[in-house]
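The structure appears below as structure tokens.
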Amino acid sequence: MTSTHPLSRVKSTSRSMSAHSNGDDSRLHRRSGNLPRRPLATNLRRRHNGVGSEPGINPRGDNADQKYGHFSQKCVIQVTDFSNEHFAHTTLSNAEFVALMKEPKDQTTRPLRWINVGGISWDVLSAMTLRYDLHALALEDILQEQGHNQSKADYYRQHLFLRVLCHSLPTEEDHKSGPDSVSEYPGSGSSHQPRNDLEKIAGLEERDEKSTERNRDSMRIRFSALSGFRLAARQERILRIAALTQGDRVVVKHEPMFMFLLREGTVISIHPTANLEFTQPMTERMQQHDSVLRTSEDPAMVVEGLLDLIVDRILEVMDEYQDKIHDLEHDILMKPGMTTVRSLHILSGDLIMHKRTLEPIKSMLYGLRRYDQDRCTALGFGNDLPANQKQLDADRYGSDAGLGVGVGANNPAASRWGSEGYMSHKSKIYLADVYDHMDFVLTSLDMFAGISENLINYAFNMASYEMNQVMRRLTLATIIFLPLTLLTGYFGMNFTAMWSINNWSDVLFWIIALPLMGAIIPMFLYSDIKRLIHYIQKVMAARRAVIAEERALRHSW
């Protein structure tokens, strides 16, 4: 294998300590559980090589096909060659794409290429890795998703690798294809591991001796939930929680997208499922000859367009949460109840989870804009990146100076502006808008979480207030009837010689009761009477001020 050791491996979060995202994040977190299951081709994506194994996946290894051949899926692959004047869009199968990758490289100037892959299959990935010399660690991030993987940017000498966790609302096809097993993390969707595999792990199916031993070996390499692996007991608790929270959550689909920006100008995007509907808007933009993707002839703008599309999908999710918050706020203001409080509690937990998965995207965008050039300089290249010849000519003659491709600004202006990185100046300008949208998303998450907490506090405060009012009414009735109850008990005693009854009849009862009530009631209600008097004084003072103002206006006329 050609050596491609990274001198700088930049991530938005630590590789070993960052929070969950991967397979847990590529699940559909459902509002209702009546959706059919969506089967995925591979059931071993979450396997790990084991503790102490060599990092990275080398497709040139002797037994690489034996190790990773189970990653087999019928992929949907779109190859788009484009320039300002040229556009060619082709959809290929696995075999056709592998044959394309084995063709000799064309050394002549050709249009820029965007390879959009839907599905994870070893034959496609290995052919692509051998053709474009993709780094072993990047290939490992695609095939062996861990629970702690998050959105990040890794810099290598041959390419820039991005892993972005996409948040989107489920489409009609997702509703038809249905739920997979539910994530441990709120708001997540489906596992890449089919249900029958989970049942085998849980011991819910009969297994022969050989199968039992194989599962025991696989259990030895399963780590904690942060690693993306979980035991059957933990998975059962996850499923129970998911069943209890059905109908109270916003349906959010999580899937990672992997992107490569090669030094030669090729852009590769990979999705875990064989469905490219997510990137359909990008394909439609490519077909427009006057779009910035075509006119700029900048591969970095393709990466920027994909990132912009991801953030736009996140904005749609935020709109859904806003509608959900408005509905719950209406219910709380109309009639607070524990059902609404329960929904708010679940929603608040989901918002915390989303903030945890969305913040790395903002950090990654900031790093691409602020540190891209520095990181490429640290790798030992920058000005040697090849650019599209037409852009080089434009830069050479002064047009759009400083706004050409980053992947290849090998021109005299580069020495003036410093080493160019993977992201061009123009793409960084557009990334600023994407960054602003991402900042708005995180601000909205904080606002929604704050509103949820305030509504929960309001519901409990209203419940406490209503209880206090009930106790106040009972106390007031007790105070009023306390003297009457005392005297009724006294005069109701059956004595033979009852001179007060014989001589005074019931007049003596009221002679004693009324003064006693007149003394006890003010004594117990002194603070309330004082507040009432103070309130009346304020009302009268306000009225006097209004009357005085009206008189002054009449005199001024």
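So which residues in the range 100-118 are more than 23 Å from LEU306 (Cβ to Cβ) and part of a loop (DSSP other than H, G, I, E, B)? Explain how you work it out, then say what you get.
Filtering the range 100-118 down to residues more than 23 Å from LEU306 (Cβ to Cβ) leaves 102-109.
Correct list: GLU103, PRO104, LYS105, ASP106, GLN107, THR108, THR109.
Scanning the range 75-128 for residues that are more than 34 Å from the chain's Cα centre (by Cα) and of a type in the set (Asp, Glu) turns up GLU85, GLU96, GLU103, ASP106. The number of residues in the range 520-532 being loosely packed, with under 10 Cβ neighbours inside 10 Å and among the hydrophobic types (A, V, I, L, M, F, W, C) comes to 1.
Anything in the range 94-132 that is out of contact with any Gly (no Cβ under 9 Å at 6 or more places or on another chain), aliphatic (A, V, I, L, M) and over 18 Å from PRO256 (Cβ atoms)? List them, or say none. Show your work before the answer.
Residues of the range 94-132 out of contact with any Gly (no Cβ under 9 Å at 6 or more places or on another chain): 95-111, 114-121, 124-132.
Right, trim to aliphatic (A, V, I, L, M) and you get 95, 98-101, 115, 117, 120, 124-125, 127-128, 130.
Answer for the range 94-132, where residues must be out of contact with any Gly (no Cβ under 9 Å at 6 or more places or on another chain), aliphatic (A, V, I, L, M) and over 18 Å from PRO256 (Cβ atoms): ALA95, VAL98, ALA99, LEU100, MET101, ALA127, LEU130.
Among the residues of the range 459-492, the ones that are without any contact (Cβ under 8 Å) to a residue 40 or more places away in the chain and either farther than 30 Å from THR339 by Cβ or among the aromatic types (Phe, Trp, Tyr) (or both) come to 16 in all.
Contact map, the range 133-153: residues that are under 12 Å from MET259 (Cβ atoms) paired with residues that are modelled with pLDDT under 90, Cβ distance under 6 Å, separation 6+ or inter-chain. Pairs shown: SER151/SER12; LYS152/LYS11; LYS152/SER12; ALA153/VAL10.
Selection of the range 68-93 for residues being more than 27 Å from LEU293 (Cα to Cα) and surrounded by 15 or more Cβ atoms within 10 Å (Cβ to Cβ) yields TYR68, PHE71, SER72, GLN73. Condition first: out of contact with any Pro (no Cβ under 7 Å at 6 or more places or on another chain), crowded, with 16+ Cβ neighbours inside 10 Å, assigned to a helix (DSSP H, G or I) and modelled with pLDDT under 85. Can you find one or more residues in the range 5-23 that meet it? Within the range 5-23, one or more residues are out of contact with any Pro (no Cβ under 7 Å at 6 or more places or on another chain), crowded, with 16+ Cβ neighbours inside 10 Å, assigned to a helix (DSSP H, G or I) and modelled with pLDDT under 85.
Counting only helices (runs of 4 or more DSSP H) wholly contained in the range 265-351, the ones carrying 3 or more residues that are without any contact (Cβ under 8 Å) to a residue 24 or more places away in the chain occupy 280-287, 299-334. For the range 138-178, filtered to residues that are touching a Pro at 6+ places or on another chain (Cβ under 8 Å) and assigned to a loop (DSSP other than H, G, I, E, B), the residue that is modelled with the lowest pLDDT is GLY178. Scanning the range 58-99 for residues that are more than 27 Å from PRO299 (Cα to Cα), in a loop (DSSP other than H, G, I, E, B) and touching a Leu at 6+ places or on another chain (Cβ under 9 Å) yields ARG60, HIS70, PHE71, GLN73. Checking HIS159 against (1) out of contact with any Phe, Trp or Tyr (no Cβ under 7 Å at 6 or more places or on another chain); (2) farther than 20 Å from ALA274 by Cα, which single condition isn't satisfied? Among (1) out of contact with any Phe, Trp or Tyr (no Cβ under 7 Å at 6 or more places or on another chain); (2) farther than 20 Å from ALA274 by Cα, HIS159 violates only (1).
The values are calculated or read from the model by the stated rules, or taken from the named source; none is laboratory data. All of these numbers come straight from a predicted model, not from anything done at the bench. Neighbour counts are summed over all protein chains in view; Cβ atoms, including those assigned to glycine, are modelled from backbone coordinates with ideal geometry.
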